[in-house]
Every structure is written in structure tokens, then in C-alpha cells.
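Laboratory data are not the source of any read-out in this text; all were calculated from the coordinates shown. The model shown is predicted, which means the values in this text are computed figures rather than measured ones. Virtual Cβ from ideal backbone geometry, glycine too; neighbours counted across all protein chains shown.
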Amino acid sequence: MEKEHWQKWQPLNEFPNKIWLECLLQDRNGLKIQFESKNDEKIDIIFGKAALTCRMTDEGDMLQSSNYWSEEYGDDFFTWPIYKSNNSSFVKWFNEESCEKFADKNIEHYVFITEDDIIEVISAIAPQIIIY
């Protein structure tokens, strides 16, 4: 069985290396996640209706994943806040739960790591990112 692989994702050159969750909004327009950086910049990650599912977990409760990431990628893994996962167990779970409804679509697993939370999103398209 092929291992899950986590790849640093740098959608913008000026993306900050530390972020904190401001809010996660799921409404009739879809999913929007807002972060704040240490320079008080706001970062909007807008998936809209392309977000198929998301989960948010306290980073202190993801001990197995944190141990895997440290062993597989070293402690530098935690110096960057956003990743994409290939061969994702979350995507596999989602495909099983949806009876393979999206199996022929190119869905991606995005991961946002903050000091306090790990937010994961499965989406059919890349999000729009606005920094202000």
C-alpha cells in the first residue's frame, strides 16, 4: 500500500509561514476560512461551493498524524502552514462515503496547520486566496 505523501503548498510567494485561525464560515455561499498572520495580515481562503467536505481538529488531538509527519518529514514540517496530500486517507474515506461519486474528479486534500488547529478541506478546485 502506497503511503500518504504531504507536499508543501505555496500558492503565493508572500504567503506567511505562521497563521492563526480567525474564523471558518460555511454558509450558502460555500466555505471560507480566514486566518491572521503575525503581521496582523488577514488571509482569506475561499473555496466557495467547490469544498466537498472539511474537518477541523485541535492540533493536540492529532498525535498520530503529528508523529507521522515528524518521523517522515522532520520537525521542519511544522515551520510551514499549508500542504496538499497525495494518496490521502481522507480522500479515500470521502470517496467511500460518497459511493465513489467523485472518484473520476480531480479532488484535492488541502491542509492548514496553525498553532492550535489543523483544518483539512477536500475540494474540486483550488481556493481563491486573498491577503490584505
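Give me 54, 99 ranked fewest to most by other Cβ atoms within 10 Å of their Cβ, as a rough exposure proxy.
Ranking 54, 99 by Cβ neighbours within 10 Å, fewest first, gives 99, 54.
Take residue 18, project a point 7 Å from its Cα along the Cβ direction, then tell me which residues of the range 102-132 have their backbone nitrogen under 13 Å from it.
114-116, by backbone N distance to the label point.
Of 21, 60, 131, which is farthest on the positive side of the dipole of the range 5-131, counting Cα position, with +1 on Lys and Arg Cβ, -1 on Asp and Glu Cβ, and the Cα centre as origin?
Ranked along the dipole, the leading option is 131.
Build a GNM of the chain with springs between Cα atoms under 10 Å: which of 101, 49, 32 gets the top mean-square fluctuation?
Among 101, 49, 32, the largest mean-square fluctuation in the Gaussian network model of the chain belongs to 101.
Counting other beta carbons within 10 Å of each Cβ, put 93, 9 in order, fewest first.
Least crowded to most crowded, the residues run 93, 9.
For the chain, modelled as a GNM with alpha-carbon contacts under 10 angstrom, which of 26, 64, 34 fluctuates the most?
64
Under the rule of at least 5 residues apart or a separate chain, name every residue whose amide H is placed under 5 Å from the amide H of residue 22.
Close amide H contacts, sequence-distant or interchain: 34, 35, 36.
Separation between the residue 116 and residue 61 pseudo-spin-labels, each 7 Å from Cα along Cα→Cβ, expressed in nm?
So the two model labels end up 1.4 nm from each other.
With only Lys, Arg, Asp and Glu charged, each at its Cβ (+1 for the first two, -1 for the last two), find how big the charge dipole of the range 1-94 is about the Cα centre; round to the nearest 20 debye. Walk me through the intermediate numbers first.
Details: 11 positive and 16 negative charges, 102 e Å.
Rounded to the nearest 20 debye, it is 500 debye.
I need to check one value: relative contact order of the chain, counting alpha carbon pairs closer than 8 Å and at least 6 residues apart, in percent.
Numbers: 228 pairs, mean separation 43.8, N = 132.
Contact order relative to length: 33 percent.
Of 3/42; 32/105; 18/49; 42/84, which pairs sit farther than 24 Å apart, going by alpha carbon to alpha carbon?
3/42; 18/49
Choose one of 35, 69, 81: the residue whose Cα lies farthest towards the positive end of the charge dipole of the range 1-81 (beta-carbon charges +1 Lys, Arg; -1 Asp, Glu; about the Cα centre).
Of the candidates, 35 comes out farthest on the positive side.
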